[in-house]
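A quick write-up on the structure given underneath.
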Amino acid sequence: MFYEPSKGHGLPHDPFKAIVAPRPIGWISTVSKDGALNLAPYSFFNAISSHPHLVMFSSEGEKDSVTFVRETGEFVANFASRNLAEKMNASSVDAPRGISEFGYAGLTPAPSQMVSPPRVADAYAALECKVVNILQPRGLDGASAGVTVVMGEVVGVHIDEDILSDGMFDYAKAQNLSRLGYRDYAAVTEVFEMLRPRWKAD
Ligand SMILES: Cc1cc2nc3c(=O)[nH]c(=O)nc-3n(C[C@H](O)[C@H](O)[C@H](O)COP(=O)(O)O)c2cc1C
């Protein structure tokens, strides 16, 4: 089959996010200028550069995470793993501004070192970030897509040393959680290695 998204897919559910899957989940903690805590998962999230470490998340509509990021210029991208899946999901509740999703989801905040928003204490890793860019993309029709993309540079990295094996981040142990399409998720259970080909001049 082929379809043009602007004309509809004709399927029971939109397959777009099932195709662009798995997506890592940026579990974003922020704090407002008045000190209100916020925590929410974003699967429109990824790393976009190694040097410097840059990450991005995208909010469909101006959600609290974006509002708080605009106020303070800082966020933490906490690592979502299989053992925290239910709490991660609970933190996506549409709680009124000022209600901390840490409390709602039964999670403990732990202080960050370089930024003001706290991290999720139980997360195996957390990236402390300072905002470098906020974009509002347009569609082909020139109209705003109603989306805000926040890019941040990672200024501090926390790793739970229990999740290191021989100094390497152990995905199989951590079971990195990712978002698929529909209501589906996946966790890393199998890892295999491949080396990149190198062109030989001779
Ligand atoms: C796994 C998961 C991934 C999500 N990804 C996104 C996303 O990429 N962008 C978005 O706008 N909302 C996403 N949501 C919904 C937000 O988490 C939800 O709207 C939340 O209430 C936003 O919180 P905030 O207003 O405190 O920032 C996701 C929800 C879940 C459960």
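The values are calculated or read from the model by the stated rules, or taken from the named source; none is laboratory data. All values derive from a computational prediction rather than experimental measurement. Here the Cβ positions follow ideal geometry from the backbone for every residue, glycine too, while neighbour counts run over all protein chains shown. Note: areas computed on protein heavy atoms with side chains; ligands, DNA, RNA excluded. Shrake-Rupley method; radii C 1.70, N 1.55, O 1.52, S 1.80 Å.
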(request) Name every residue in region 151-202 that is closer than 30 Å to V115 by Cα and exposed (fewer than 13 other Cβ atoms within 10 Å of the Cβ), in order of residue number. (result) V157, E161, D162, S165, D166, G167, M168, A172
(request) Say whether the condition of being farther than 30 Å from A36 by Cα, free of Cβ contacts under 8 Å to residues at least 40 places away in the same chain, among the basic types (K, R) and in contact with an Asp or Glu (Cβ under 9 Å, 6 or more places away or on another chain) is met by at least one residue in region 183-198. (result) no
(request) Could you tell me whether R97 is over 17 Å from the mean Cα position of the chain (by Cα), in contact (Cβ under 8 Å) with a residue 40 or more places away in the chain and open to solvent by 60 Å² or more (accessible area, probe 1.4 Å)? (result) yes
(request) State all residues of region 83-102 that are part of a helix (DSSP H, G or I) and within 13 Å of the ligand (Cβ to nearest atom); if no residue qualifies, say none. (result) L84, A85, E86, K87, M88, N89, A90, E101, F102
(message) Take residues that are under 15 Å from N133 (Cβ atoms) and open to solvent by less than 50 Å² (accessible area, probe 1.4 Å) and tell me which of the strands (runs of 3 or more DSSP E) falling wholly in region 20-70 contain 3 or more.
(response) 54-60
(request) Working only within region 100-114, note down all residues that are touching a strand residue (DSSP E or B) at 6+ places or on another chain (Cβ under 9 Å) and either crowded, with 23+ Cβ neighbours inside 10 Å or more than 17 Å from E153 (Cα to Cα) (or both). (result) S100, E101, F102, G103, Y104, A105, L107, T108, P109, A110, P111
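Does R70 meet the test of being within 15 Å of the ligand (Cβ to nearest atom), modelled with pLDDT under 95, over 28 Å from I159 (Cβ atoms) and among the charged types (D, E, K, R)?
Details: within 15 Å of the ligand (Cβ to nearest atom): yes; modelled with pLDDT under 95: no; over 28 Å from I159 (Cβ atoms): yes; among the charged types (D, E, K, R): yes.
Answer is no for this residue.
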(request) Select from region 117-135 the residues that are assigned to a loop (DSSP other than H, G, I, E, B) and open to solvent by less than 70 Å² (accessible area, probe 1.4 Å) and write down the one among them that is farthest from A85 (Cα to Cα). (result) P117
(request) Hey, can you tell me all the residues within region 1-19 that are open to solvent by less than 70 Å² (accessible area, probe 1.4 Å), in contact (Cβ under 8 Å) with a residue 60 or more places away in the chain and assigned to a loop (DSSP other than H, G, I, E, B)? (result) P15
(message) Being in contact (Cβ under 8 Å) with a residue 24 or more places away in the chain, among the acidic types (D, E) and within 6 Å of the ligand (Cβ to nearest atom) is the requirement here; does E60 meet it?
(response) yes
(request) Give region 136-150 a look and list any residue that's open to solvent by 40 Å² or more (accessible area, probe 1.4 Å) and among the hydrophobic types (A, V, I, L, M, F, W, C), or say none. (result) L140, A143, A145
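Matching residues to (1) within 25 Å of A186 (Cα to Cα); (2) within 14 Å of the ligand (Cβ to nearest atom); (3) among the β-branched types (V, I, T); (4) out of contact with any helix residue (DSSP H, G or I) (no Cβ under 8 Å at 6 or more places or on another chain):
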residue	(1), (2), (3), (4)
V31	no, yes, yes, no
D34	no, no, no, yes
F44	yes, yes, no, yes
P52	no, no, no, yes
V55	yes, yes, yes, yes
S65	yes, yes, no, yes
E74	no, no, no, yes
